[in-house]
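S.K.: Dropping the structure in here first, questions after.
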Amino acid sequence: MPSAAVFTDLDGTLLNHDDYSYAEALPAIAELRRRRIPLILVSSKTRAEMAQLCAELEITDPFVCENGSVIVVPPAWADVYPAEREKLVEEAGALLDYRGANRERIVQLLKTMKDDFAFSGFADMTVQDVMDCTGLSEGAAAKAMQRCASEPLLWRDSAAAMNDFAQQLGRHGLRVLKGGRFYHVMGECDKGDAVRYLLSIYESHDGAKVGSVALGDSPNDLQMLKAVDQAVVMPHPDGTYMHDDGLAGAIHAPFQGAKGWQIGVQAALSKLDEEKQ
Ligand SMILES: [Mg+2]
């Protein structure tokens, strides 16, 4: 079992905001592998998108999709995963822990709110629309649309209307979180819940505290950043950082995307190493 674990957001964090490249982060990823530190991807992206990225990066750790709505558990974890086995769904060699809401239900509810609020969700968009607003390739956009527990939307209404919208969703047991490009409508779960849950598994298996690091850039990352020992806040593409009183001890990465991620991971691991001595 590891002495540390690194949890990371993807868009604008491990991946560049504009071209989605992770190339400049590869040395730090190799360093984590050398030190046997798990790298747990935690994103608003779908399982289809994240499974491909894990394959490319040769990551075999669990990963968290759709903002904490689904944890994908590798087969090797079947015996250590504490959720009741009957609640886990086995699909294509992985165990899935569904923690959020059902997307069909979310989309049905959003349809009834169209008269009162101005927004476009993925359910209203074609693959070309998603390509246009994300810059993803056709294949990647199609994978981004294979959602099971959350609905991303472009908000075309006022901030005041967003408050009403969030309140109405709350009455149906749903919430809305702001990501880098989209607002995400989802169940009452978040990245923080999933990170705390996975950390507790590492620690109970190890019988010792696991030093934890998380990297993220947007409000949907806030609970994840607060759940770990060392947060790394990534700048937005315009150079500004998310602000929150709970991020007082955070490292602020000097660049967005893969280049900043590489520096942020190294700074966070050095700080954890110093604290251990
Ligand atoms: Mg992000």
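S.K.: If you check LEU136 against the conditions, is it among the aliphatic types (A, V, I, L, M), surrounded by 16 or more Cβ atoms within 10 Å (Cβ to Cβ) and more than 20 Å from CYS189 (Cα to Cα)?
M.R.: Working: among the aliphatic types (A, V, I, L, M): yes; surrounded by 16 or more Cβ atoms within 10 Å (Cβ to Cβ): yes; more than 20 Å from CYS189 (Cα to Cα): yes.
Judged against the criteria, LEU136 is a match.
S.K.: Here's another thing I want to ask about it. Can you find, within the range 209-235, the residue that is surrounded by the most Cβ atoms within 10 Å (Cβ to Cβ) among those that are under 18 Å from HIS184 (Cβ atoms) and at pLDDT below 95?
M.R.: ASN220
S.K.: Now a separate question. Among the strands (runs of 3 or more DSSP E) confined wholly to the range 1-101, which include 2 or more residues that are farther than 22 Å from LEU225 by Cβ?
M.R.: In the range 1-101, the matching strands (runs of 3 or more DSSP E) lie at 89-91, 94-98.
S.K.: Of LYS45, LYS87, which residue is in the same structural domain as GLY211 (by TED's automatic domain parsing), within 16 Å of SER218 (Cβ to Cβ) and not hydroxyl-bearing (Ser, Thr, Tyr)?
M.R.: Numbers: LYS87 fails: within 16 Å of SER218 (Cβ to Cβ).
None of the others qualify; the one that does is LYS45.
S.K.: A follow-up question, please. Restricting attention to the range 196-244, which residues are in a loop (DSSP other than H, G, I, E, B), within 12 Å of the ligand (Cβ to nearest atom) and among the acidic types (Asp, Glu)?
M.R.: ASP217
The values are calculated or read from the model by the stated rules, or taken from the named source; none is laboratory data. Owing to the predicted nature of the structure, the values given are computational and were not obtained by experimental measurement. Note that we place each Cβ from the backbone using ideal geometry, even for glycine, and neighbour counts take in every protein chain shown.
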